[in-house]
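S.K.: My questions will all concern the structure given below.
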Amino acid sequence: MYHFIQKFHSGWAYLALALLLFAVINALMGKSSGREFTARDRKIGLFALIATHIQLVVGLILYFVSPLGKALLGDMSNAEARLTSMEHPLVNIIAIVLITVGWSTHKKATESSVKFNKFTIFYTLGLLLILSRIPWSLWF
């Protein structure tokens, strides 16, 4: 079961990152062109939000069933162990909180430019944080 969850977490990451990147690019294009915020834009943001939340849930399950997750917490001198056991989960939780804040605050805005701005700021910050803590050596 552990190996299935691990492979799913790694595979789903590609989809989550692609949707998040697409949402950021869409928001930047919408903001720069001055177009109206449409249902299509809302759905793009929502799909990115859902994909990242699924990734978080699967990652948390993986963390608690993994023989390495909690066990490595005591070994903070090893950079790879620290990344996978503490930095990756913590920073990604913060990133997904930022993405969720972007989704929540865009709903309160009435102007299209403000909605695109919320997506641009919060989704980009979330994407950058996620990219900063991917264990690249384990992923490729």
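The values are calculated or read from the model by the stated rules, or taken from the named source; none is laboratory data. Quick caveat, the model's predicted, so the values are computed rather than measured. Every residue, glycine as well, gets a Cβ built from its backbone with ideal geometry; the counts of neighbours run over all protein chains shown.
S.K.: Filtering the range 72-106 down to residues that are among the acidic types (Asp, Glu) and part of a helix (DSSP H, G or I), which residue is modelled with the highest pLDDT?
M.R.: GLU87
S.K.: I'm trying to understand the selection: among the residues of the range 23-51, which are surrounded by 15 or more Cβ atoms within 10 Å (Cβ to Cβ) and either out of contact with any Ser or Thr (no Cβ under 6 Å at 6 or more places or on another chain) or hydroxyl-bearing (Ser, Thr, Tyr) (or both)?
M.R.: Those that are surrounded by 15 or more Cβ atoms within 10 Å (Cβ to Cβ) and either out of contact with any Ser or Thr (no Cβ under 6 Å at 6 or more places or on another chain) or hydroxyl-bearing (Ser, Thr, Tyr) (or both): ALA23, ASN26, GLY30, ASP41, ARG42, ILE44, GLY45, PHE47, ALA48, LEU49, ALA51.
S.K.: Still on this structure: Go through the range 3-12 and give me each residue that's farther than 14 Å from THR84 by Cβ and either in contact (Cβ under 8 Å) with a residue 60 or more places away in the chain or exposed (fewer than 14 other Cβ atoms within 10 Å of the Cβ) (or both).
M.R.: Correct list: HIS3, PHE4, ILE5, LYS7, GLY11.
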